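Values in this text are rule-based calculations from the coordinates and carry no lab data. Nothing here was measured: the structure is a model prediction, and the numbers come from that model. All Cβ positions, even for glycine, are placed from backbone atoms using ideal geometry, and neighbour counts span all protein chains on display.
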Amino acid sequence: MSEGRLTRSDTDKIIAGVCGGLAAYLNIDAVLVRLAFVVLLFASGIGFPIYVILWVIMPQVDTANQPNSEIIQKNIQEMGNTVAGSMNRVGRPGTVGAIFILLGIYFLLNQLGWLHWIHGGIFWPLIIIGLGAYLLIRRSQ
């Protein structure tokens with residue numbers, strides 16, 4: 001393990017640098033940490049709340065020496081800006097449209113009888129494998 005303080009990564013980040021910071025602290029590959037969060041997300045749903053909590057309490061490298069109350073306040077503000085920026089990029093009509101398209105595809109495939117494999121236990125492993133492959137491919141580029 002690293003001797004320093006646990007901080008979010010500025011260089012190895014996809015959303016907020018939490019997984020990159022954890023990976024650097026534990027001296028392991030960030031893809032493994034990301035996969036762990038995805039597995040926790042799909043296995044029990046706890047992956048998302050843990051990520052959000054770590055995003056709030058983990059300081060960035062440049063703010064690591066500030067008081068914890070200031071770090072948390074800045075991180076919450078950053079989280080709000082990130083979410084607002086994402087919403088502005090896609091926009092509400094785009095988000096609602098994407099949700100309707102996904103729901104429509106789901107209901108269409110369900111009516112055609114093509115979704116029997118979702119209930120058979122093969123769907124979630126395929127999703128996790130696909131996300132892992134995506135992260136590995138994206139990291140190598």
Kirkwood hydrodynamic radius of region 3-49, from inverse mean 1/r over distinct Cα pairs, in Å: 10.8 Å
Stokes-Einstein D (µm²/s) once Rh is taken as the Kirkwood radius of region 1-90 over alpha-carbon pairs, at 4 °C in 1.567 mPa s: 95 µm²/s
Long-range HN-HN contacts of Arg8 with modeled amide H, under 5 Å: Gln60, Val61
For region 61-69, Karplus couplings with θ = phi - 60° (6.51, -1.76, 1.60), whole Hz, Gly/Pro x: 4, 6, 10, 5, 8, 7, x, 4, 5
Spin-label model distance (nm) - Leu40 vs Gln111, 7 Å beyond Cα toward Cβ: 4.0 nm
Chain lengthening between Leu102 and Gln73 when straightened (0.36 nm per residue, less Cα-Cα): 6.9 nm
Relative contact order, percent, region 1-90 [alpha-carbon distance under 8 Å, six or more residues apart]: 24 percent
FRET efficiency, 1/(1 + (r/R0)^6) with R0 30 Å, evaluated for Asp62 and Thr82 via beta carbons: 0.95
Integer Hz, Karplus 6.51/-1.76/1.60 couplings in order for region 17-33, x for Gly and Pro: x, 5, 5, x, x, 4, 5, 5, 5, 8, 6, 10, 6, 5, 4, 5, 5
